[in-house]
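Encoded as structure tokens, the structure appears first; notes follow it.
What follows draws every value from the coordinates through simple rules; no lab data is involved. Quick caveat: nothing in here was measured; it's all calculated off a predicted structure. Because the Cβ atoms are built from the backbone with ideal geometry, glycine has one as well, and the counts that use them run over all protein chains shown.
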Amino acid sequence: MDQNATNSTEGPCGLSEMPARPFFLCLYTVIFLASLVLNSITVYVYFCKATNQSSITIYLKNLAIADLFVCLCLILRIAKYARTSIEIQRIYCNFGAPASYLNMYSSILFMGYIAANRYMKIEVRSTFGMSSFLQRVSVAKGLALLTWGVMMFFMLPNAILSNQPMPKVFSCMALKSDLGQHWHEMSAHFNVGIFWVAFLLMVFCYTSIAYHVYRSYKRVQQESSVARRRSNRSIFSLLAVFVFCFVPYHVCRVPYTLSQSHKDDFSPYNRFILFQIKEATLFLSALNVCLDPVIYFFMCRTFRESLLQKMSSFIRILEFISKAEGKIMVNITLYYMEKNCQK
């Protein structure tokens, strides 16, 4: 994926020649700090708060883990922008990029599973009980393990096969063996396919849910317009965030990959333009790790209630500490007043 993205001496496509490099360095740092806080809270709520196990909870937990790992992978991406050291670039190519994309596409798949799960809960007309089967906790756990296994199968060779000697003109693609370059191109197309399948699945499921909600409220026709608008607003906000973060990157992903593996078919200027577009759209995809926890809060009632409960408990602890400190200060003041009176 991004393993062929950066180099420090590759002429027009080099990282050092990237005019927006300081800009992206600052933005990625802000995203990392914000997403680290938000996703740490999300993981804490899901794993440190006893919740009823359900298929959607399994997917949400795995999505939270994937987002947190994407956030942690931003450290190497920030280092890549901060330093033009060859060793930093090599570490990013071998470990940072494969790990980042492993988790990013896993999170996209879990978003698709969540959409399908919500759709099946509403669509009760299920053939041969398939809906109830797919919503079993054991099936959800198995699908989650399968997802991680498949993504590791496709992404880990991108790290393992980057074993060539350091080239005179550094590039991530130059570190790969011939098999590694072919695997890279194949895995890139595979991941793009995953995205578009998940995207179409989410569009179908959430628009179907919105239509179902519309029909339900239309039959009732009592004080329903506000609730219906709120439901539709939540659904289409989720889709808007997904489109904003991921669609631009995946529109340019295929031509960019081809420009790296078939350089003779692209002029240096075109490769440079595709590199700039890829870097800008890759930033948008990283922005999703900040927005997912916000979506959890507004769309998942269980998560929202757990978070608010945790916050209220924390506030009560702070109030208790504050009162205790106040009492201690009062006692200390009285002690010294009595001591002075005795003198």
Which order do Ile75, Ile65 fall in if you start with the one that has the fewest other Cβ atoms within 10 Å? Ile75, Ile65
How would you rank Met202, Met104, Met120, going from fewest to most other Cβ atoms within 10 Å of each one's own Cβ? Met120, Met202, Met104
Residues Asp178, Asp292 arranged by fewest to most Cβ contacts within 10 Å: Asp178, Asp292
